[in-house]
Amino acid sequence: MSPAIDSQEMGDNALAMNQWIAFIMCMGLVACATKPPIQEMAEARLSVHIAEQQAQEFGSKPVALQSAERALQAAAQAIQHKQYEHARTEALKAKRHAQRAVRVLQKNKP
């Protein structure tokens, strides 16, 4: 075999290997993006629960808590439709709103 053929075969093998590696990396990214946001949902539920308890204690319900509850419902619906990235976004939003509600309640504490 001539050296030109060997280098051509090596180039083809390297290209095939690079394509295979790229494919595996893409599949890994897809797998990460398609997991339900279990941790984010747990944190959002806990944050909303704490805010609801404090709102009940103080006898008022801040707008931020209402927003948190809506975002948590939207996250749950997104999970039912397997829209996990949207669910993750809504769960994080719910957590932020719930934390804001707690701050508002603490600030306006009688």
Normalised alpha carbon radius of gyration of the stretch 36-110 [divisor 2.2 N^0.38 Å]: 1.09
Pair Gln19, Gln39: separation of 7 Å Cα→Cβ label points (nm): 3.6 nm
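Relative contact order, percent, of the stretch 36-110 when contacts are C-alpha pairs under 8 Å separated by at least 6 residues?
Values: 96 pairs, mean separation 33.9, N = 75.
Dividing the mean separation by the residue count of the stretch 36-110 yields 45 percent.
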For the stretch 49-92, Kirkwood radius (reciprocal of mean inverse C-alpha pair distance, Å): 11.0 Å
Simple spin-label estimate for Glu57 and Gln73 in nanometres, 7 Å along Cα-Cβ: 2.6 nm
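None of the figures in this text is laboratory data; all of them are computed from the coordinates on show. Just so it is clear, the model here is predicted, and its values are computed rather than measured. Cβ sites come from the backbone with ideal geometry, for glycine too, and all protein chains shown count toward neighbours.
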